[in-house]
Amino acid sequence: MTALLNHPVAADTGSADANQVDHEQANHQHAAPAGTVVVELTADQVAQHPDNLRDAGRGIRELTASIAEVGVLVPLIVVPVQAVPGYEFGPAVTHLAVDGNRRQAAARAAGLPLPCIVRPDVASARDTALTMAVTGLARDGLTAREEAGAVQTMLELGIDAAAIGRATGRSRKHIAAARKAASLTDEVTAAVADYPMTLAELAALADWQHDPEATAVLLEAIPRGQLDHTLARLTLAQRERKLHAKTARELTAHGVTVTDTEPSYYGDGPRVLTRLRAADAPSGQALTPDEHAQCPGHVAHVEVTIYEADPDEGTDEDTEVSITYGCTDPTAHGHLDLWERPSIRTVHLPDEDVPADEDEQARADRLARAEQARAEAQARAEQEARDARRELIRLNKEADAAQTVRREFLRSCLTAKPRHKAMTGYALRQLLARDRTVTDWFNDHPWPTGEPAVLAEFLGEDPVTTATNAPATRQPIMLWAYVVAAHEKAMPRDAHRDHNPGRADYLRHLIDLDYVPADVERRIIANVYPPTPLIERNPNEPDDQTDAEPADAEPVVAEPPVAEPVDSAPDDQADAEPKRVAVDGAEPGTPAVSMPGEVMPAA
């Protein structure tokens, strides 16, 4: 065991460059105490700690290459092997790595020695867990799953959330999310193991893991980058279910049977009361819920719709509870169709309306059938209109959920420096082109009197002051915030019904910034830019049609292409057209457009 003089004491960053960290990290609060000696041990003398919180094999190939190049620059924190009883190690092992398990594995693979700091004072389970967590958490060296496990381990060892927060710099909310994420079942954890997940996303999955249907929907959304949109829809649907259950309990308390099958205007199954009448009622007089309450087939269907508030439109959250009453078996309970006559033999027709070759009864039968057909056609039309309205409501609800996710993305863009060049370029193009949406918004909200509420979401209660007082480097981003606020103001919840190039281009700009749109937002784009259908090529045909020409064919000399104007900023990728292909799992009947931001399995 050799002492090393003046060796830099720092911590592992958890990446391929972890071996070449800045010397400033030597000043971390959990670095070695003053006067600590760094010793050199062989890789065989140091073993992986049995309670290691991290995946020691993560990124090991890159780290091994780095260590083989320059050696281990960052000392490991180790404890004597005798300090961790209850485990068996090889005869050459003298120490266990508390911090630096990946460096130990990489050094072993590279055949190089390890600089180590021996810390017998952190040998207890509590101190070991805290040291492992702090050295990883304080510099973001742990994955979200590892961080969740680290926090849960410390909590189980009796370290309270406040102490964890002080040691790691994490907020109580962050620690609560880690604790929730740690509760994920092994099945769900395995299902998302190949995808990069944040702690907040894992915690959100944990909230739904006991709902098999919701979990299946979320797991299907993760590969498509649709997790946020799906969570927003599920949360809204959950609120609607709670209100539905409350309404159903109230109806049941009044003796009404609640059915999940919505009564229809015609056909089998429950029929709506508005299409039925009592046997002794005149044609066209529909049954009312009170008149039908004592019928054995009396049922009610509840449908709840919550429309989220739109500050820009000045609308508060709106809740619509629709109760449709019906009868499970109208024929068995003596009800008639609203316009059905009790007997066609009572029909009286003028003599002049009866053709010479048709007696009165035959004509009455024919007219009754025609009237019944008209009534059924009207019922079908009403049912189709009802279904169309339900589909519109569904899409509008998806649009509300998508708006919440989209605006959260817009807020995140304000601090995402890699996106700022594209954002500034878009804002300038909108102004120079005098985009109608933007100019209309400026006319409706002239400076400095009033701005749409969405702008306050981005820049605070006084967006004008925020923008004018911003540093010069931030002012272009303030301009972008004003431009996107204009487009958000002009994006109604039913925008999916219209052909609007401005809205489509706005969403495509967000896609260029790595936003992953919801299916309903894809509709807005597809209404203007339908995806090109894929054409399957016959494998027996030559790749190049010129290959099929006879060998003696005259050569064709192509005309030189006409040079197109070149953009003055060819390196600006904001103007690049995003590639669009079909996406599995898109809504049936909706042209699916793949966008940047699709989540790929982690390497």
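The values are calculated or read from the model by the stated rules, or taken from the named source; none is laboratory data. Because the structure is predicted, anything quoted here is derived from the model rather than measured. Cβ coordinates were reconstructed from backbone atoms using ideal geometry, including for glycine residues, and neighbour counts include every protein chain displayed. Quick note on the areas: whole protein, heavy atoms, side chains included, nothing else; ligands and nucleic acids left out. Shrake-Rupley method; radii C 1.70, N 1.55, O 1.52, S 1.80 Å.
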Next item on the list: Could you work out the local net charge near residue 414, counting Lys and Arg as +1, Asp and Glu as -1, over the other residues with Cβ closer than 15 Å to its Cβ?
Entry: +3
Next item on the list: Could you order 458, 442 so the one with the most accessible surface comes first? Probe is 1.4 Å.
Entry: 442, 458
Check: At a 1.4 Å probe, what is the % contribution of carbon and sulfur to the accessible area of the stretch 171-285?
Finding: 53 percent
Checklist line | Ranked order, 264, 171 - accessible area, probe 1.4 Å, largest first | finding: 171, 264
Checklist line | Relative contact order computed over the stretch 139-281 (Cα-Cα under 8 Å; 6+ residues apart), in percent | finding: 15 percent
Next item on the list: Quick one: give the max-minus-min coordinate of the C-alpha atoms of the stretch 173-246 along each principal axis, largest first, in Å.
Entry: 38, 28, 19
Next item on the list: Mind running the shape call on the stretch 356-395? Use the C-alpha gyration tensor, a ≥ b ≥ c as the square roots of the eigenvalues: rounded below 1.5 for a/c, prolate if a/b tops b/c, oblate otherwise.
Entry: prolate
Check: For the stretch 411-504, max minus min Cα coordinate along each principal axis, in Å, sorted largest first?
Finding: 40, 31, 24
Next item on the list: Do me a favour and compute the ellipsoid semi-axes for the stretch 265-305 from its Cα gyration tensor, root of five times each eigenvalue, largest one first, whole Å.
Entry: 19, 13, 11
Next item on the list: Please list the non-local residues whose amide H lies under 5 Å from the amide H of residue 98, H modeled 1.01 Å from N, same-chain partners needing a gap of 5 or more.
Entry: 77, 78, 79
Checklist line | Nonlocal amide H pairs with residue 41, under 5 Å, H built at 1.01 Å | finding: 114, 116
Notebook entry, point to check: If you take the Cα atoms of the stretch 59-103, find Rg, then find the Kirkwood Rh from the mean of 1/r over all pairs, what is Rg/Rh?
Noted result: 1.06
Margin query: Give me log10 I(q)/I(0) at q = 0.14, 0.16, 0.21 Å⁻¹ for the stretch 178-307, Debye formula, one equal scatterer per alpha-carbon, no solvent.
Written below: -0.76, -0.85, -1.16
Check: So how do 265, 529 rank on accessible area, 1.4 Å probe, biggest first, that is with the largest at the start?
Finding: 529, 265
